Amino acid sequence: MMKKKFDNFIFNPFGFFVLFIVLQAPFFTIPINAQVVFNEIMFDALGADYHDEFIELVNTSSRDTIDLSGWRISDSLYDDIISDAGSGFKLAPHQYAVILDGSYFANSTTYNEIIPDSALIVTIADNAFLKSGLSNSSPKTLFLYDAANILKQKYRYSIGNTPGYSDEKIILNEDNSASNWGNSAVLKGTPGFYNSISPLALDIGFGVNAIEYHPTTNIKRGQDIKTTLRIKNFGSSAYSDSLQIVLFLDRDADSLFNNDDIIVYTDRRWVSIPVDGKETVEIIWQAAVCGRFLLMAQIVSPTDQRQVNNSVGSKIVIVENESILKISEIKFLTIEGEAEWVELYNESERRIPLKDWALADDKDTVWIDSLIYMNPEQYKVFTAGKGIASLYDIEDSLICIISDLPVLNNDADVVYLINPAKGWEEQVPYTIDWLEGEEWRNPSLERISFSVDSRYVSSWGPSSDKKNATPGEKNSLYQPLNSSLTTSITPNPFSPDGDGFEDRCVISVEAPSATARVELKIFDILGRKVRTLEDATFLGSRFETIWNGRDDNGSIVRMGIYILYIRLIDDKNGILQEIKESVVVAGNL
């Protein structure tokens, strides 16, 4: 059986449940010749799914049960015979009958949780109303005939409804003139129960333009947000009672409160609103999270006889109050079996949701539509393929597969990090030259410092890691940079005599540039070069090299004092620094 979705909507911001009771209004007495009337027409179903069209009838009699067998719907050209859907044809007094499209049962479940058990469900003999479904482009006059071919009802429905919103009758005991019909206030309509636009004695809710907030753009986390709600009395009597107002951020935009949603305000207050009157409520709150949401307001009132108009929502975008997500590494040159990837870094001390952020290049943009989080000071890699896990030592939890990630050009491109407000947070306009001639080894492009603008070439360089990239971890180039070139030699002196003790010295270098080329040579006391350890080698800002006490020919040098000469060449910044240190060779064979 189909269950009534709206009878037991649950919500309570403190215990997360409050029972909403929908009260049915009494029917009015109507002459016997008009006992069964048109009450709702869904002619433009949500999307392109004509299976979801329906026609609703009501038996307005207080005493007579009507047999609908042999009854038909017509537009003067085509007829549809009402058929049994498994519950027969008997329409009891005050009962609703929902005529579903003949193709509904095999193709749709849209109304299964909406139509209540109390309604009679019938169908039609073929798979579409009239010739090929109810027209959305031109108004149609519908006729209802009984089994004796006597005309019972006639109604010409209007067009222009928002898809998924039906035509509903306003006053049941009045005629079918255009003034007595209107567009449903509820998506998917009200098949099988009281119309959303028919008046009740006690009915408060939200109408058009019932929610506003300021500022409307560039809203930052922690900023004051002023929200104005307008509650209207739609009922035929004045409304004086207490009600609860709940304001929450709807993460999945389903207009319903779920455990993942965030309550930003709740309060109970007494209101007294005359017929057709309004009550304005102003709320000031601050968002502790960022992203794209529906800002939803709900009224909770047990005495309200209609709950379907007690919710209203408006899209809202909240962004960070500082730049905390960074583009850390880009792999646009890849090896066999490796997909391109982009690494992000969370520089903050907070857990950041990535939903509604985007990565883009000059041609394509991909939005993150799932609840991916980045922990404080965490790196995450975004790639279109799975090959990265087999090439690098990286945890699976740090890899995010996005199949339609933009394809990066090898010669030049721009990588954008876009925030939920659709503004770019960072951009990297790289070229192949940013790899400084190291493209032959297919290295990643690594960020040197997050304090330097990501658009500057000086902030980037080719990875110096042995695997040519550092996905999921600190970049090989990312070091606190010194103001000058420094070095240390350990041990000093050392004795390359082959006894296994202090046979080598370790030369440690820290440079004021993460993208430097290094010349490292050793001279004797007379200024003659005896060994070249590095010759314009790209090594990064901190590195170590070993001298085993041998010259370029492989022979152990004589005991004595030698000069370690280091020259730093930075092609990008034009830095040229030199340093000389003495190293002592003792006790050789």
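The values are calculated or read from the model by the stated rules, or taken from the named source; none is laboratory data. Remember, it's a predicted structure, so these values are computed and weren't measured experimentally. Don't worry about glycine lacking a Cβ; one is built from the backbone with ideal geometry, like all the others, and counts go over all protein chains shown.
List every residue pair whose Cβ atoms lie under 6 Å apart, where the two residues are 6 or more positions apart in sequence or sit on different chains, the first residue falls within the range 252-263 and is surrounded by fewer than 14 Cβ atoms within 10 Å (Cβ to Cβ), and the second residue, located anywhere, is in a loop (DSSP other than H, G, I, E, B).
Qualifying pairs under 6 Å: 260/251.
Yes or no: residue 328 of a type in the set (S, T, N, Q), more than 26 Å from residue 223 (Cβ to Cβ) and exposed (fewer than 14 other Cβ atoms within 10 Å of the Cβ)?
Values: of a type in the set (S, T, N, Q): yes; more than 26 Å from residue 223 (Cβ to Cβ): yes; exposed (fewer than 14 other Cβ atoms within 10 Å of the Cβ): no.
In short, no.
Conditions (1) of a type outside the set (A, V, I, L, M); (2) closer than 18 Å to residue 447 by Cα; (3) in contact (Cβ under 8 Å) with a residue 40 or more places away in the chain, marked per residue:
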{"residue": "380", "(1), (2), (3)": "yes, yes, yes"}
{"residue": "385", "(1), (2), (3)": "yes, no, yes"}
{"residue": "388", "(1), (2), (3)": "no, no, yes"}
{"residue": "392", "(1), (2), (3)": "yes, no, yes"}
{"residue": "395", "(1), (2), (3)": "yes, no, yes"}
{"residue": "402", "(1), (2), (3)": "no, no, yes"}
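Of all residues in the range 53-74, which are at pLDDT 95 or above and either within 37 Å of the chain's Cα centre (by Cα) or among the charged types (D, E, K, R) (or both)?
Correct list: 53, 54, 55, 56, 67, 72.
Can you confirm whether the range 86-108 contains a residue that is free of Cβ contacts under 8 Å to residues at least 40 places away in the same chain, exposed (fewer than 15 other Cβ atoms within 10 Å of the Cβ) and closer than 17 Å to residue 166 by Cα?
no
Taking residue 386, is it at pLDDT below 95, assigned to a loop (DSSP other than H, G, I, E, B), under 24 Å from residue 253 (Cβ atoms) and not hydroxyl-bearing (Ser, Thr, Tyr)?
no
Would you pick out the residues in the range 73-82 that are surrounded by 18 or more Cβ atoms within 10 Å (Cβ to Cβ) and in contact with an Asp or Glu (Cβ under 9 Å, 6 or more places away or on another chain)?
Once the filter is applied, which keeps residues that are surrounded by 18 or more Cβ atoms within 10 Å (Cβ to Cβ) and in contact with an Asp or Glu (Cβ under 9 Å, 6 or more places away or on another chain), the range 73-82 yields 73, 80.
Here is a list: 475, 409, 419. Which entry is over 30 Å from residue 316 (Cα atoms), polar (S, T, N, Q) and buried (at least 18 other Cβ atoms within 10 Å of the Cβ)?
Selected residue: 475, the only one of 475, 409, 419 that is over 30 Å from residue 316 (Cα atoms), polar (S, T, N, Q) and buried (at least 18 other Cβ atoms within 10 Å of the Cβ).
Tell me which residues, restricted to the range 198-218, are in a loop (DSSP other than H, G, I, E, B) and buried (at least 21 other Cβ atoms within 10 Å of the Cβ). Give the steps one after another, and end with the answer.
Looking only at the range 198-218, we keep the residues that are in a loop (DSSP other than H, G, I, E, B), and these are 198-203, 215-218.
203, the sole residue that qualifies.
Could you please give the count of residues in the range 304-325 that are of a type in the set (Lys, Arg) and either more than 19 Å from residue 419 (Cα to Cα) or modelled with pLDDT of 95 or more (or both)?
Our first condition is that a residue be of a type in the set (Lys, Arg); within the range 304-325, this holds for 306, 315.
If we keep only those that are either more than 19 Å from residue 419 (Cα to Cα) or modelled with pLDDT of 95 or more (or both) as well, we get 306.
Total satisfying the criteria: 1.
Considering every residue within the range 252-262, establish whether at least one is within 23 Å of the chain's Cα centre (by Cα) and of a type in the set (Ser, Thr, Tyr).
yes
Name the single residue, out of those in the range 397-412 being among the hydrophobic types (A, V, I, L, M, F, W, C) and part of a loop (DSSP other than H, G, I, E, B), that is farthest from residue 429 (Cα to Cα).
402
Filter the range 286-298 for residues that are over 16 Å from the mean Cα position of the chain (by Cα) and surrounded by fewer than 21 Cβ atoms within 10 Å (Cβ to Cβ) and give the result.
Correct list: 286, 288.
Please work out which one of (1) surrounded by fewer than 19 Cβ atoms within 10 Å (Cβ to Cβ); (2) within 26 Å of residue 214 (Cβ to Cβ) is the condition residue 319 fails and give its number.
(1)
Give, as residue ranges, the strands (runs of 3 or more DSSP E) completely inside the range 429-520 that count at least 3 residues that are within 27 Å of residue 392 (Cα to Cα) and at pLDDT 85 or above.
445-447, 460-462
Surrounded by fewer than 17 Cβ atoms within 10 Å (Cβ to Cβ), under 23 Å from residue 47 (Cα atoms) and assigned by TED's automatic domain parsing to the domain that holds residue 67: is that true of residue 150 in this structure? Step through it out loud before you land on a result.
On the way: surrounded by fewer than 17 Cβ atoms within 10 Å (Cβ to Cβ): yes; under 23 Å from residue 47 (Cα atoms): no; assigned by TED's automatic domain parsing to the domain that holds residue 67: yes.
No: the conditions fail for residue 150.
Output the number of residues of the range 48-68 satisfying the condition of being surrounded by 15 or more Cβ atoms within 10 Å (Cβ to Cβ) and either without any contact (Cβ under 8 Å) to a residue 12 or more places away in the chain or more than 29 Å from residue 171 (Cβ to Cβ) (or both). First the steps, then the outcome.
Within the range 48-68, the subset surrounded by 15 or more Cβ atoms within 10 Å (Cβ to Cβ) is 49-61, 66, 68.
Keeping just the survivors that are either without any contact (Cβ under 8 Å) to a residue 12 or more places away in the chain or more than 29 Å from residue 171 (Cβ to Cβ) (or both) gives 49-51.
Counting residues in the range 48-68 that are surrounded by 15 or more Cβ atoms within 10 Å (Cβ to Cβ) and either without any contact (Cβ under 8 Å) to a residue 12 or more places away in the chain or more than 29 Å from residue 171 (Cβ to Cβ) (or both) gives 3.
Regarding residue 348, is this residue outside the structural domain of residue 252 (by TED's automatic domain parsing) and more than 15 Å from residue 325 (Cα to Cα)?
In short, no.
When you go through (1) assigned by TED's automatic domain parsing to the domain that holds residue 288; (2) out of contact with any strand residue (DSSP E or B) (no Cβ under 9 Å at 6 or more places or on another chain); (3) of a type outside the set (Asp, Glu) one by one for residue 363, which number turns out not to apply?
Here residue 363 meets the rest and fails (1).
Considering each of 177, 240 in turn, give the residue that is more than 22 Å from the chain's Cα centre (by Cα), under 18 Å from residue 281 (Cα atoms) and among the small types (Gly, Ala, Ser). Before you say what the answer is, go through the steps one by one.
Numbers: 177 fails: under 18 Å from residue 281 (Cα atoms).
None of the others qualify; the one that does is 240.
Can you name every residue in the range 230-250 that is of a type outside the set (Val, Ile, Thr) and surrounded by 20 or more Cβ atoms within 10 Å (Cβ to Cβ)?
Step one: list which residues in the range 230-250 are of a type outside the set (Val, Ile, Thr), which gives 230, 232-244, 247-250.
233, 234, 235, 239, 243, 247, 248, 249, 250 - these are the residues of the range 230-250 that are of a type outside the set (Val, Ile, Thr) and surrounded by 20 or more Cβ atoms within 10 Å (Cβ to Cβ).
Which of the numbered conditions does residue 439 fail, given that it passes all the others? Conditions: (1) among the acidic types (Asp, Glu); (2) under 29 Å from residue 322 (Cα atoms); (3) surrounded by fewer than 18 Cβ atoms within 10 Å (Cβ to Cβ).
Of everything listed in (1) among the acidic types (Asp, Glu); (2) under 29 Å from residue 322 (Cα atoms); (3) surrounded by fewer than 18 Cβ atoms within 10 Å (Cβ to Cβ), residue 439 misses just condition (2).
Which residues, taken from the range 445-459, are of a type in the set (S, T, N, Q) and either more than 19 Å from residue 346 (Cβ to Cβ) or surrounded by 13 or more Cβ atoms within 10 Å (Cβ to Cβ) (or both)?
449, 454, 458, 459
What pairs can you find where one residue is in the range 310-330 and assigned to a strand (DSSP E or B), the other is acidic (Asp, Glu), and their Cβ atoms are less than 6 Å apart, with a gap of 6+ or different chains?
Listed pairs, sorted by first residue: 326/347; 327/426; 328/343; 329/343; 329/446.
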